[in-house]
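The values are calculated or read from the model by the stated rules, or taken from the named source; none is laboratory data. Here the structure is a predicted model, which is why all the values come from computation and not from measurement. Backbone-built Cβ (ideal geometry, glycine too); neighbour counts: all protein chains shown.
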Amino acid sequence: MTKIFTILLVFFSAFCIGQDAERNLMNTQQLSGLGILSPFTDIEIEHQRACYLFEDFKKSDLVLNSDNVLMDIPIKIDIHRHQILLMNNRGEVHGLSLSYIKSISVDNMLSKDNYEVHQIDGKHILLRKVYSDTEATLWQRWVTTLKKADYNPALNVGSRSDKITSEKVYLISTSQKGFTKVPTRKKKFMEVFKSKAKLFLKKNKKVNLKKEEDLVSFVKFLNK
């Protein structure tokens, strides 16, 4: 039994090493050498703080489109400009477009938050995979809106600075149709998902299309 366990352990270790070699671990200095980073100042970081998915830098693992991997890199995710800010070991901050990234795994204390980057309507969009099954997958994305400053000094009303707001939007993807936005109104929901949606709503009359758990139930229903 011990021999079998040892053989399996050696095989698993060799497999993991092979995976790392295939993906090529890299550091921020090597990434900088690719010429795809843009510098950021403290003023810019503070000014744009409303854009970030989370306030503080968090250690994360990045998989690039080239399959190169960066591990335990402090980052912030800018959901408005579709980029991340990453900090090197000297405390310098640079921006990296999501167009270079395949996936992100963010260390969130006791768990990992996993994200993927997909191209939707010509833009590289960050998505969180909520639930996946054989036929369909539920995703969450963030849509931001910029409200320009409209302060009127004569009347002393309005906002003195630009404001960015964000809202969660859910998508369902299938191999046949790609990504489809989930409407929050039942009438539109039935127009988009047709007979499946009508049957689901008939069986689940108290469904709230803004609630993640109800949308997971719908995806499970699609996969039956």
Worksheet item: Is it the case that some residue within segment 91-102 is closer than 29 Å to residue 212 by Cβ, surrounded by fewer than 17 Cβ atoms within 10 Å (Cβ to Cβ) and in contact with a helix residue (DSSP H, G or I) (Cβ under 8 Å, 6 or more places away or on another chain)?
Response: no
Worksheet item: Could you say which residue among 220, 187, 198 is among the charged types (D, E, K, R), part of a helix (DSSP H, G or I) and touching a residue at least 40 places away in the same chain (Cβ under 8 Å)?
Response: 220
Worksheet, complete the sentence: All-but-one check, residue 168 against (1) within 19 Å of residue 52 (Cα to Cα); (2) surrounded by 13 or more Cβ atoms within 10 Å (Cβ to Cβ); (3) not aliphatic (A, V, I, L, M), failing number (2)
Item to complete: Look at residue 154 and say whether it is modelled with pLDDT under 95 and either in contact with a Lys or Arg (Cβ under 6 Å, 6 or more places away or on another chain) or surrounded by 11 or more Cβ atoms within 10 Å (Cβ to Cβ) (or both).
Response: no
Worksheet item: Quick one: which strands (runs of 3 or more DSSP E) sit completely within segment 65-178 and have at least 3 residues that are touching a residue at least 24 places away in the same chain (Cβ under 8 Å) and not hydroxyl-bearing (Ser, Thr, Tyr)?
Response: 69-78, 83-87, 93-97, 101-108, 123-132, 136-147, 163-174
Practice prompt. Report yes if residue 208 is loosely packed, with under 14 Cβ neighbours inside 10 Å and more than 26 Å from residue 115 (Cβ to Cβ), otherwise no.
Written response: no
Practice prompt. Could you run through segment 23-64 and say how many residues are under 21 Å from residue 124 (Cα atoms), part of a loop (DSSP other than H, G, I, E, B) and either touching a strand residue (DSSP E or B) at 6+ places or on another chain (Cβ under 8 Å) or at pLDDT below 85 (or both)?
Written response: 6
